[in-house]
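The values are calculated or read from the model by the stated rules, or taken from the named source; none is laboratory data. Because the structure is a prediction, the values reported are computed rather than measured. No Cβ is skipped: glycine too gets one built from the backbone with ideal geometry, and neighbour counts run over all protein chains shown. SASA here: full protein model, heavy atoms, side chains in, ligands and nucleic acids out. Shrake-Rupley method; radii C 1.70, N 1.55, O 1.52, S 1.80 Å.
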Amino acid sequence: MRQAPSDPATPSAAAPSATVSRPATPRAAVPPAAASRADVGDSAASRTLRSDARDNHDRILTAAREVFAAEGLDVPMREIARRAGVGPATLYRHFPTKEDLAGAAFADQLQVCRQIVDEGLATPDPWLGFCLVIEELFDVHARDRGFTAAFLSRFPRAFDFTTARDSALTSIAELARRAKATGHLRPDFVVDDLVMVLMANNGIHATSPAARVAASRRFAALAIQAFRATPQPSPLPPAARLPLHPVV
């Protein structure tokens, strides 16, 4: 018996599909160890870049503090970049304007002073801590050579100097209280006495930065002897020859 022809509009269930599906090409699997090595490599490269950026940042700030202290705030940014050993583009990437750079240098110097005071407070012997604060602050100010005054004059609203100063003086007052309790600091000492000798230290004029630092060290030793409750003469640091300026 002949079978009836199938309806052309209705494909047979057994008819093959017009679309030929091809098996997907498997991707090469990345061994876990290789992926891990790649991640470690990327992480190490990232750390290196961050370390290089920090190093550049620190070199720029160091050069800026030295240049501003020695030559004032009018030194060109390119000169600061040259002394820091970086390109101008690197400097401007970290500090877009001179105010940004000067402000960062000033903030860094304030942080150094804050660390000195904190170190004095942490010293087990309050009197030794008090002496450390005087010696170290005198040294910082001797190397400053007018940078602080110039910065505050040029950019008076760039930094909240009053708050930082008052906080440091409050800590120094606490250190002085402890030093008095040991019997080594004279009982009539007040924080304004330290402010006064710091101002005098800033007024030292010398023929060279080294002579200014040397004179400041001797002055610090004299101030410490003056603040002692009981005089105990001890050898002073070497004297520095200073030019005699007329006092008006």
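Quick look at the values:
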| item | result |
| --- | --- |
| Calculated FRET efficiency for the pair Asp100/Val191, C-beta based, R₀ 35 Å, to 0.05 | 0.60 |
| Counted charge near Ile116, where neighbours are those whose Cβ lies closer than 11 Å (Asp, Glu -1; Lys, Arg +1) | -4 |
| Relative contact order (percent, whole number), region 182-243, Cα cutoff 8 Å, 6+ residue spacing | 44 |
| Cα-projected label distance for Ala70 with Leu169, points at 7 Å along beta-carbon direction, nm | 3.3 |
| Prolate/oblate/rounded label for region 185-248 (Cα gyration tensor, a/c 1.5) | oblate |
| Additional length obtainable on full extension of the chain from Ala122 to Arg83, 0.36 nm per residue less Cα span | 10.5 nm |
| Accessible surface of region 171-211, 1.4 Å probe, proportion on carbon and sulfur as whole % | 60 |
| Whether region 111-248 is rounded, prolate or oblate, judged on the alpha carbon gyration tensor where a/c under 1.5 counts as rounded | oblate |
